[in-house]
Each structure stands twice: as structure tokens, then as C-alpha cells.
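The values are calculated or read from the model by the stated rules, or taken from the named source; none is laboratory data. Quick caveat, the model's predicted, so the values are computed rather than measured. A quick note on method: Cβ atoms are made from the backbone with ideal geometry, for glycine too, and the neighbour counts reach across all protein chains shown.
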Amino acid sequence: MVINLCVPTASGVPLDLLPKVIDGVRVIGIDVPGFGVPTHAEAKDVLAGAMLKTARLEAETGPVARPRQMSELPTVALLGELFPADPMIIGAMLAPMEMAVAPQLPAREWRDLYAALDCAVVGAVHPFYTAAIREFSHAGRPIVGSGPVGEEGTAAWLDAIGKAANIATAKIDAAKNRALAPMRAAMAASMLDQTITVSGYEGSELMVARLLIELGARVPYCGTACPRTPWSDADREFLEANGCHVQYRASLEQDLAAMRDVNPDLALGTTPLVQKAKEMGRPAIYFTNMVSARPLFGLPGIGAMAQIINTQTRGADRFSKMVSFFQGVGTGDNTGYGTNGTPVAHPEARARYKKVREAKAKAAANQSMGS
């Protein structure tokens with residue numbers, strides 16, 4: 001496989017000039033234009049979509065290698081990078097419907113692509129995987145957005161998956177009864193009462209905000225760097241109905257403005273947003289390292305989310321103490337590094353150069369009047 005990250009094309013060596021086979025090894029050219037893909041998550045979709053297309057065409061033209069693990073049950077192919085436990089959590093939810101989880105995309109092995117294409121329904125957990133969705137649609141597979149987050153979200157997702165796979169209503173109800181009762185109890189014991197802003201570029205931001213709202217938190221703003229697609233509509237509509245503004249293709253400036261306006265108990269966001277929040281003495285955590293690195297779905301997702309929020313907001317006073325302790329350090333004339341002590345101010349130099357600038361400005365003004 002050859003992945004093009006702009007340099008070969010920019011230097012005049014397009015991928016279509018490469019041979020299709022070298023010494024019996026297939027060469028598959030995939031363009032991932034770094035100058036044209038806004039987020040790294042979407043770049044992974046470009047790669048996954050191109051691989052799926054090749055695998056689909058191979059399967060349509062003849063026999064292909066059998067995947068290592070093939071379920072005899074109808075399967076759900078999950079789109080997007082997930083915490084390693086999440087597919088197993090979802091698999092347990094699907095079991096009463098006599099369904100299983102197919103290899104998720106991006107796939108680990110090439111033959112996993114065939115197993116994913118053989119699914120009964122696609123779970124677009126990350127709804128911006130439009131290139132991969134296009135290939136599944138060509139293969140005739142129905143697409144369901146969102147994921148099993150919170151009680152209401154899980155019930156809606158299981159309903160949608162079951163109906164798309166033509167599962168009997170009794171089996172769908174059995175899956176919901178088995179999943180929802182313990183979730184309801186866990187949520188009652190993990191209710192939140194904080195105001196939180198959510199932003200990031202992973203693609204799961206809307207589901208995280210949805211789970212927070214179901215847990216009782218107030219989420220007035222949810223920003224994602226990823227684009228709006230039809231498969232995020234269910235989560236968007238839920239958030240908007242609960243007073244949350246959803247901003248697709250959110251910029252850092254929009255995320256920062258929302259944080260300033262809302263003044264949340266906790267901000268979930270990108271590195272620069274977290275840095276700014278801490279400068280202001282507000283609790284904040286990096287979405288990718290703290291939220292995406294934990295389960296999101298089912299019972300584990302409820303417990304993990306409640307623990308993160310409560311732990312980070314419980315010590316909110318330490319942030320104001322840090323701001324007070326480091327007041328003035330690294331700001332204004334004190335920015336930079338490499339000095340042995342506090343930089344010495346030179347007000348006489350400021351005054352001297354101020355007079356020079358004023359004299360130049362006056363001379364320029366006189367010259368323009370004379371001309």
C-alpha cells in the first residue's frame with residue numbers, strides 16, 4: 001500500500017504512475033491530501049474509504065481471503081476509533097438481538113475489511129466517516145448514526161439498529177430491557193450538577209455532550225472540528241432540544257468565546273483551550289487524553305464520565321490558587337526563558353523609543369500634508 005501525503009503529487013509523481021503489482025505484492029495508491037483534510041480523524045476516513053473501495057471491488061469480482069474471525073450472526077460494523085473496551089460493551093448489548101460486532105474501521109488487517117463489508121448494518125459512531133459510508137452504501141448496507149450513550153440514547157440506538165437489521169421487536173425489547181435497567185440505576189447514582197462546555201476534534205463530541213446531559217449536567221455549548229452529516233442528526237437534535245448550541249467546524253476562537261461566555265465549572269477541549277482556561281483559573285481537561293481514553297458506552301461509560309467530571313471539579317479552588325501563585329510570571333515583559341532571574345525593566349528605553357516613534361509619525365504627517 002502507498003499512502004500519498006501530498007509530497008509525491010506536489011513533486012510531479014502521481015500515484016497512478018505506480019505499477020499495480022510489484023514482485024507479486026499489490027500496490028494500492030491512496031491519496032490523503034494533508035492540505036485539504038481539516039482534521040486527522042477525517043484523514044483516517046479517507047484512508048478507510050479507499051481501502052474499503054478496493055476490498056469491495058475485490059469481493060465483487062471473485063473469492064477473497066476469509067477473515068480470521070467471522071460471526072455466524074448478523075453483525076454491526078462500527079465506524080471510527082473507539083476505546084478498546086467499547087466494541088465489547090456494544091457486543092454485549094447486541095447479544096439479546098442475536099447480533100454481533102464486526103471488525104471495526106479503521107481495520108487492523110486487510111481481510112477484516114471483507115468481514116466489515118459483510119455486516120447487516122453499519123453503526124456510524126463517528127458520523128463524519130463519509131468516504132467509508134459511501135462504500136458501505138454501494139454495498140447496500142444501511143447506516144445508523146449515534147451510539148449507545150446514556151439511557152435514552154441507548155434505547156434509541158438499539159431500536160434503530162434492530163429495525164435496520166430486520167430484527168424482531170421482541171428481541172429488540174429484550175436487548176433494551178437487559179441494557180437499560182442497570183444503566184438507569186447507575187445513572188441515578190452518578191447524577192451530575194455541573195455546567196460544562198465540550199469541544200474537540202475526535203468526532204465523538206456530540207455523544208459525550210449527550211451523555212453529560214443525560215447525567216444531569218448543563219451543556220450550553222458543544223463544538224466539534226468535524227463537519228455536519230445526516231448521521232449526527234439524532235445527537236444534534238437531542239442536544240438542541242436540551243438547550244445546547246452545536247457548532248460544527250468549530251474554530252478555537254469559537255470554543256474560547258463559548259468558554260468565556262458560559263464560565264463553566266469544567267471545560268473539555270483541545271490543548272490551547274485547556275491552556276487558556278487554566279490561565280483564567282478554570283478547571284479544564286484535554287478531550288483526547290482524558291475523555292477519549294476511557295469507555296463511552298453502556299455502564300462503563302456512565303461510570304467513567306461521572307468520575308472524570310467529579311474528580312476535576314472537586315478541586316476547582318486549586319486553579320485559582322495557582323493563578324495567584326504564578327501571577328505575572330510568563331506574561332508581558334516576563335515572557336520567554338533563559339534568564340537567570342527576573343527580567344529587569346528599562347523604562348528609560350521605552351521613553352526614548354517612544355519619542356523616536358512620535359517624531360517619525362509627526363514627520364510623516366507633515367510630509368503628507370506638504371505633498
Query raised in the report: Given the residues 116, 92, 131, which is the only one that is among the hydrophobic types (A, V, I, L, M, F, W, C), part of a helix (DSSP H, G or I) and closer than 16 Å to residue 203 by Cβ?
Result: 131
**Report entry** In the range 99-113, residue surrounded by the most Cβ atoms within 10 Å (Cβ to Cβ) [restricted to those that are in contact (Cβ under 8 Å) with a residue 60 or more places away in the chain and outside any helix (DSSP H, G or I)]
**Finding:** 99
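Table: residues versus (1) outside the structural domain of residue 145 (by TED's automatic domain parsing); (2) in a helix (DSSP H, G or I); (3) in contact with a Gly (Cβ under 8 Å, 6 or more places away or on another chain); (4) at pLDDT 85 or above.
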| residue | (1), (2), (3), (4) |
| --- | --- |
| 54 | yes, yes, no, yes |
| 57 | yes, yes, no, yes |
| 70 | no, no, no, no |
| 81 | no, no, no, yes |
Query raised in the report: Which one is modelled with the highest pLDDT, of the residues in the range 279-304 that are over 30 Å from residue 155 (Cβ atoms) and out of contact with any strand residue (DSSP E or B) (no Cβ under 6 Å at 6 or more places or on another chain)?
Result: 286
Query - residue 141 vs. criteria part of a loop (DSSP other than H, G, I, E, B), crowded, with 18+ Cβ neighbours inside 10 Å, modelled with pLDDT of 95 or more and not aliphatic (A, V, I, L, M) - result: yes
Query raised in the report: How many of the residues making up the range 133-182 are more than 26 Å from the chain's Cα centre (by Cα) and β-branched (Val, Ile, Thr)?
Result: 3
Query - Per-region count, the range 198-215, residues surrounded by 22 or more Cβ atoms within 10 Å (Cβ to Cβ) and over 16 Å from residue 238 (Cα atoms) - result: 3
